[in-house]
1. Collect the residues in the range B:484-519 that are at pLDDT below 90 and farther than 24 Å from B:Val376 by Cβ, keeping them in residue-number order.
2. Which condition breaks for A:Glu368 when tested against (1) out of contact with any Leu (no Cβ under 9 Å at 6 or more places or on another chain); (2) modelled with pLDDT of 90 or more; (3) surrounded by fewer than 19 Cβ atoms within 10 Å (Cβ to Cβ)?
3. Among (1) within 17 Å of A:Thr204 (Cβ to Cβ); (2) surrounded by 20 or more Cβ atoms within 10 Å (Cβ to Cβ); (3) facing chain B (nearest Cβ under 9 Å), there is one condition A:Ala102 misses while meeting the rest; what is its number?
4. Taking B:Thr554 as meeting all but one of (1) at pLDDT below 90; (2) assigned to a helix (DSSP H, G or I); (3) within 14 Å of chain A (Cβ to nearest Cβ); (4) surrounded by fewer than 19 Cβ atoms within 10 Å (Cβ to Cβ), write down the number of the exception.
5. For the range A:54-73, give me each residue that is within 12 Å of ligand 2 (Cβ to nearest atom) and at positive phi.
6. Restricting the search to the range A:33-53, which residues are within 12 Å of ligand 2 (Cβ to nearest atom) and within 25 Å of A:Gln197 (Cβ to Cβ)?
Amino acid sequence: MTQSTAGGQRAAAAPDPSAYLEIDGLWKAFGDFLALRDVSLQVNQGEFICFLGPSGCGKTTLLRAIAGLDPQTRGTIRQGGQDISTLPASARDYGIVFQSYALFPNLTIEKNIAFGLENIGRPRAEIRARVAELLELVGLPDQAGKYPAQLSGGQQQRVALARAIAISPGLLLLDEPLSALDAKVRVFLRHEIKELQRKLGVTTIMVTHDQEEALSMADRIVVMNQGVIEQVGTPTQVYRHPASLFVADFIGETNKIETTFSAGKVKIGKTSIATSATGFSRGASVVAVIRPEDVVPHSAGRKPARSAGANLIEVEIESMEFLGSYWRAHLAGKALAGTELIANFSMNAVRRLSLAEGKTMTVELPAERVLVFNADGGGDGR
Amino acid sequence: MAGNQAVLPAGRAPRLQLDRDALTKRGLMVVIAVYLVAALALPLYAMLSKSFTTYSFDLARYEFQVSDETGGNWSDPVSAKALNDKLNAVAPADLATISDGRLPATSFFPDFSFRSPVKYRIRGVGPTAPYLVGLELFNSNEWKELSGNDFRRVMLRPVQSRSLANYVTYFSTPALFRSIENSLFIATVSTILTVILAFGFAYAVNRSCMPFKPVFRLIAMMPILVPSLLPGIALIYMFGNQGYMKELLLGESIYGPLGIVIGSVFFTFPHALIIISTALSISDQRHYEAAESLRASAWRTFWTVTIPGARYGLISAAFVTFTLVITDFGLPKVIGGQYNVLAVDIYKQVIGQQNFEMGAVVSVVLLIPAVVAFIVDRIVQKKQVALLSARSVPYQPRPDRRFDGFCLVWCGVVAFFIVGVIGTCQFAALAKFWPYDLSMSLNNYAFDRMDGGGWEAYRNSIRLGLLTAVIGTAIIFTGAYMVEKIDGFKTGRGLFQLLAMLPMAVPGLVLGLAYIFFFNNPANPLHFIYGTMTILVICTITHFYTVGHLTALTALKQIDQEFEPVAASLRTPFHRLFARVTVPVCMPAILDISIYMFVNAMTTVSAVVFIYSTKTNLASVAVLNMDDAGDIAPAAAMGMMIFYTNAIARIVHAALSRGVLARTQAWRKR
Ligand SMILES: Nc1ncnc2c1ncn2[C@@H]1O[C@H](COP(=O)(O)OP(=O)(O)O)[C@@H](O)[C@H]1O
Ligand SMILES: [Mg+2]
């Protein structure tokens, strides 16, 4: 997480006018159905971008438009300063890994990786050396003579990756490259791919519907929903400052509380809670969102301070689950008036405050961590 | 943050520039489509228009003048029609004629004498009014003056017109249209028998624990390897005038419906069996377990589980069998006797009476049931495929002595019949002089001493088989690849699909006749292939195109759809991918298409009987012609040569497939 934050800060700067890949006003229609609606995006040289969104939101469609496999209905795409909107796939500069890997089953691993190189007409010895180098790079140095079916899913995935980067493309496209693998291998390969991308410095776009994957790998995340980009930002930005209720909801866990807004405050149960939100009219219906880990535990009986923003609520612990590295508590109580809050407490806090089921305690909802969105799902009022 | 407007802005969708690959693919597809148009659509069109073509003398188009004895003093112009109305010289029915008809002009001048000094003038009225003077053709509105001696040689020529007259003639001639009834009768009876026999056989092989299953499977496929005339010849030896089992018929004649039906069951049996077997083998064990747990009786289970599960297979098998029988020509030709059926009528009209227009009419009539059966079969096949893709647990039979015994008897009888037919042919081919001298000799194999083309015909058949297998497979597989793997170009692909499916609906005889009309037209730039091996290869490839195309499509659909995008991203042209990956991965299907083309090229009679020439005699046609000439034993011998050749080809195919699998498909094994 810290790595990608560091990487993200670099990329979070205003988009470079000389961005490597520029997508401008892209639409895609399948008959009457609009799979992409006015999508614009800039990707910088060397960046690792994730398209993140629920299944069917248009991620693959956008990727295929960039690849020239399924051309857009409107809009332009520029890569490396050149307009590639109407170039066929074979004239564009990218390597691609599909979900199925699409390895040639009748060719050995070596021949698979060499497939693109042979066409350029390099000398055989050079191809061989390059293949060996690539196999080393993806950690399969001794599998050259095997057939794809003889490898595990994770190994096949790495062969597909090696084949895609063999011709040193300017852009690497990955469509859900990890989704067919089991959980352990997946976590391991996240690391590998990220490492590889950093080593090569190749601009990369990865499609995924797995928020953890996106958060841990991407320099910037493009959150999509129903053919529209909801937000573009670093992992920390989209996590801490989601641009819409959809983003807040889709990434990470949330407590969502439907309520009304008045003078910078929202009501949660019987308690008025200060927020840093502005720009909502008085009495507007809003949704207040707070993440479980942002709920700060205090010992019972701590008096709500008079000062605005202290946001202390007296609650009762209904139940607690131990989730390995932290506790999840379901909170209720008179002050909440039927609303249930979920909170994540560290083991440390649980021990220190001797929290247990049935006990009462005080929680603090820090004003700057309470997010407020229009009830109809629109952007927040910041 | 992002634009939320939900309306596509005005403008046009950008189109990707076509790269070399896209152009090559489209080009190749268009080339193969043009091939199909030239080899299928245009000939069929030529045939269709031929069936509407009639020839008749149009008397209103000619005018005459007659001089007096001095050669001057011309009479007023009078039309031939006016003269005929007055004289009734030519009956209206006799005005209809064939394309080569001639009508003497003197018919309208009863007191004509070529010695008299009276002179005659003739002219046409309107744009076409052809007439001959001797051998010279005129077609003019100018008066032409002729002496009596020359006028004697004036012949009116018919004009061509389009009408339904041929059809009217057909349906008002009982001798012709009765064949429809006969054909439908034969096809229906044969279909019912074949489907019942094949269903029992398939059921026994799939659902019992009887012994010798592999042997039965092998025997059941034997009829595919021989021309459809062969069972006819065997039946002659069994039940003909000197047949060794003649008494079994109790005086009935084998020549006629009986022979056609028995022979049809023989040659359609494997086709029905393959379809029904597939349907039965995909049925689900779980249904049977459910039925058993409900304590349904075996009989009830059969009717409520087995039959519904196999119903698409049964329907499909019935339509395929029906089409095969109704379009088959060789068998009724050999054993049909006086019993007329549509396919033989076409042959008789064309070869016997040279009435090509009527041949075309019968062809169109024959096309109707074939097309209907084809459409129904396509619909049913789609549903069957849907069933296939559902995951099911294959049925595991359990031993049951009575049931297994019954199955053994059923299959034994069928197998005995098949082996009996082929064995009879082989025996007759080797016997010195059936039935008087049954000692063995190879006399009947001295084909060069008989009509029919001799050993040359056999060699031609092998050449045809190999050429069809190699070229046909290349064309079919390439075409299927293009239509499956091209991006966009939707209309073009749809059209191509239609063209590729069409041959299945066209009976071989109809295709052959269509080839005469199309390629034997001197105005056709492709006329030069008429009478060559080329036209035989083209005709055979086209005739058997659809099954190969479907086989190739199935194989292509099974390979990963992302190979082409990957190759494009690696900037590798598609032909490299095609050669290095697609073809090797599809090699089993490619070999299947080849053997199918070879075997069918060896056995087909109907598609080629109209277009072979003395230089391109074929073995299967030789069987027909030798039988026609009364050389039945040599015909049987030639038929057996085809059988052995095909059997060897199958063995080679099996060995090749295994070799290819071992070599190029090592990846299939983990
Ligand atoms: N070829 C197509 N024809 C019609 N609809 C399509 C086609 N491809 C994708 N779609 C639709 O477009 C939407 C986006 O699809 P896709 O980009 O594949 O989603 P995902 O985000 O899961 O990758 C889906 O609703 C899908 O049904
Ligand atoms: Mg997708």
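The values are calculated or read from the model by the stated rules, or taken from the named source; none is laboratory data. Small disclaimer: the values here were computed from a predicted structure and weren't measured. Neighbour counts are summed over all protein chains in view; Cβ atoms, including those assigned to glycine, are modelled from backbone coordinates with ideal geometry.
1. Those that are at pLDDT below 90 and farther than 24 Å from B:Val376 by Cβ: B:Glu484, B:Lys485, B:Ile486, B:Asp487, B:Gly488, B:Phe489, B:Lys490, B:Thr491, B:Gly492, B:Arg493.
2. Checking A:Glu368 against (1) out of contact with any Leu (no Cβ under 9 Å at 6 or more places or on another chain); (2) modelled with pLDDT of 90 or more; (3) surrounded by fewer than 19 Cβ atoms within 10 Å (Cβ to Cβ), the one that fails is (2).
3. Going through (1) within 17 Å of A:Thr204 (Cβ to Cβ); (2) surrounded by 20 or more Cβ atoms within 10 Å (Cβ to Cβ); (3) facing chain B (nearest Cβ under 9 Å) one by one, A:Ala102 breaks only (1).
4. (3)
5. Those that are within 12 Å of ligand 2 (Cβ to nearest atom) and at positive phi: A:Gly56, A:Gly58.
6. Once the filter is applied, which keeps residues that are within 12 Å of ligand 2 (Cβ to nearest atom) and within 25 Å of A:Gln197 (Cβ to Cβ), the range A:33-53 yields A:Phe51, A:Leu52, A:Gly53.
Yes/no matrix, rows are residues, columns are (1) touching an Asp or Glu at 6+ places or on another chain (Cβ under 6 Å); (2) closer than 14 Å to A:Phe373 by Cα; (3) modelled with pLDDT under 90; (4) not charged (D, E, K, R):
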| position | (1), (2), (3), (4) |
| --- | --- |
| A:Ala214 | no, no, no, yes |
| A:Ala218 | no, no, no, yes |
| A:Ile221 | no, no, no, yes |
| A:Met224 | no, no, no, yes |
| A:Ile229 | no, no, no, yes |
| A:Val232 | no, no, no, yes |
| A:Pro235 | no, no, no, yes |
| A:Leu245 | no, yes, no, yes |
| A:Ser262 | no, yes, yes, yes |
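For (1) touching a helix residue (DSSP H, G or I) at 6+ places or on another chain (Cβ under 8 Å); (2) under 30 Å from B:Arg402 (Cα atoms); (3) of a type in the set (Phe, Trp, Tyr), each residue gets a yes or a no:
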residue	(1), (2), (3)
B:Val205	yes, yes, no
B:Pro211	yes, yes, no
B:Val215	yes, yes, no
B:Ile224	yes, no, no
B:Ser228	yes, no, no
B:Ile236	yes, no, no
B:Tyr244	yes, no, yes
B:Leu249	yes, no, no
B:Glu252	yes, no, no
